[in-house]
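The values are calculated or read from the model by the stated rules, or taken from the named source; none is laboratory data. All figures in this text were calculated on a predicted structure; none of them were measured in a lab. A quick note on method: Cβ atoms are made from the backbone with ideal geometry, for glycine too, and the neighbour counts reach across all protein chains shown.
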Amino acid sequence: MRFDGREPDQQREISIQTDFVKTAAGSCLIATGGTRVICTASVEEVVPPFLKGKGQGWVTAEYAMLPASTGTRKKRDGIKKDGRGVEIQRLIGRALRQAIDLKALGERTITLDCDVLEADGGTRTASITGAMVALTCAVDRLIQEGKLLASPLRHQVAAISAGIVENVPSLDLCYQEDSRAQVDMNFVMNEQGEMIELQGTGEGRAFSRKELEQLLAYGEKGIRELMAAQREALGDRARHLCAKPVLLAATGNAHKLKELSHIFQDYYTILPMSAAGFTEDIVEDGDTFAANAIIKAEAVCAATGLPAIADDSGLMVTALGGEPGVYSARYAGVHGDDEANNDLLLRKMEQVEDREAHFVCALALKLPGQEPILAEGKCPGVILRERRGNGGFGYDPLFLYEPLGKTFAQVNEEEKNAISHRARACEIMKEKMKQL
């Protein structure tokens, strides 16, 4: 048993109270045992001079121990801060920059202020853990205010101390343990168990690899528990943690948007182009599906500065020389009139015996500053003489996928996303995305 009755791998009781400072963009009061730290996040719509015009933001931190935080009054920092405080605030800034996509943040600065009310060991690690919560709250406010489309937070970050006291590896040292520790360590990690910073010192004696591994195991356990506490304190705002990057879909078609969202959910948060304020009509004057997909993706990316994906797809009937092709959505003259398009196709195919056809999808991914990436997929089928099924859209009720014996209007979403032309193009695109 330790000084305060804990087991070696047991951390101190933790509590996190969000929105502790109402005037801050994000804040919390974090307590780990007797250590209490106020963490606030302030947002400024400017960046440091070295980042101006570079299209990215900045996250920085300041750390201070209040005069009565240690029992004996500590002098306030003047113009020149004490070396320990400077070291810790740099650590906090480094750690939290690992959590956020600075380009997705935009040209703004978030400053994280960590002020220690009471110090009982582990103030730097408590500051990092609390600052992550304050940062998430600030991101939530920026989204609510419409200044961000989606969360730029790519990782969750937390930190904890460990050490060896009287030859016993122990987690989360309080002041009495820390002041006589033979070995002192601090771990900063993300939700994947990856190390962001490892600070370790043999203050009283050297330590072995076996002891290091034991301390690391304790640290991983403690950080998992801290991250659970962060998520619990954040409540619904925890959804902003570990968010996927935003990809705008250059379409106003709700069906396509839903399919793209489902297929790319492991890679991106798919948003409609209207979410970024793009509502213009794009002239699709290409003579191939690929050309039209590229036109749409480039137009949305150029207008918003965000990555964009566009698909152009349609039906090609062999006996009709590839009709309706790029005119699939406006085959009967009015764009998006599915009933009229299907009626026209049935009339043209009335005396035709060869019913072979295939759906084609061309996907174009446009990332700022890069050439478009293209992927194409095809799905073979036959055209029926009458509609079947009530699902899907476009020519789905007439398109029979023979291996299943169903039209695209009869299959469920899961079946369609496994076999469709769009799904096949997306699989090719996902492989290309892995190489980016």
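So which of TYR327, TYR331 is touching a strand residue (DSSP E or B) at 6+ places or on another chain (Cβ under 7 Å) and either closer than 27 Å to GLY391 by Cβ or hydroxyl-bearing (Ser, Thr, Tyr) (or both)? First the steps, then the outcome.
On the way: TYR327 fails: touching a strand residue (DSSP E or B) at 6+ places or on another chain (Cβ under 7 Å).
Just a single option satisfies the conditions, and that option is TYR331.
Listed here are the residues, each with its yes/no results for (1) in a loop (DSSP other than H, G, I, E, B); (2) surrounded by 20 or more Cβ atoms within 10 Å (Cβ to Cβ); (3) in contact with a Gly (Cβ under 7 Å, 6 or more places away or on another chain); (4) modelled with pLDDT under 95.
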residue	(1), (2), (3), (4)
ARG180	yes, no, no, yes
ALA206	yes, no, no, no
LEU215	no, yes, no, no
ALA228	no, no, no, no
ALA233	no, yes, no, no
LEU248	no, yes, no, yes
LYS256	no, yes, no, yes
TYR267	yes, no, no, yes
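Of ALA150, ALA138, which residue is modelled with pLDDT under 95 and either aliphatic (A, V, I, L, M) or part of a strand (DSSP E or B) (or both)? Don't jump to the end; show me each part of the working.
Numbers: ALA138 fails: modelled with pLDDT under 95.
When all the criteria are applied, what remains is ALA150.
Which condition from (1) assigned to a loop (DSSP other than H, G, I, E, B); (2) at pLDDT 95 or above is the one that GLU376 breaks?
It fails just one condition, (1).
Which pairs turn up if I take residues in the range 317-346 that are touching a residue at least 40 places away in the same chain (Cβ under 8 Å) and look for partners that are assigned to a loop (DSSP other than H, G, I, E, B) and of a type in the set (Val, Ile, Thr) with beta carbon separation below 9 Å, at least 6 apart in sequence or on another chain?
Note: pairs meeting the criteria are VAL317/VAL352; VAL326/THR288; ASN341/VAL334.
Scan the range 353-381 for residues that are in contact (Cβ under 8 Å) with a residue 60 or more places away in the chain and closer than 30 Å to GLU402 by Cα and jot them down.
HIS358, PHE359, VAL360, CYS361, ALA362, LEU363, ALA364, LEU374, GLU376
So that you can scan it fast, the table gives a plain yes or no per residue for (1) of a type in the set (Asp, Glu); (2) out of contact with any Leu (no Cβ under 7 Å at 6 or more places or on another chain); (3) buried (at least 16 other Cβ atoms within 10 Å of the Cβ):
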| site | (1), (2), (3) |
| --- | --- |
| PHE359 | no, no, yes |
| PRO372 | no, no, yes |
| ALA375 | no, no, yes |
| ILE383 | no, no, yes |
| GLU386 | yes, yes, no |
| GLY392 | no, yes, yes |
| LEU400 | no, no, yes |
| ALA409 | no, yes, yes |
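Identify, from the list LEU315, LEU320, the residue that is surrounded by fewer than 23 Cβ atoms within 10 Å (Cβ to Cβ) and at pLDDT 95 or above.
The unique qualifying residue is LEU320.
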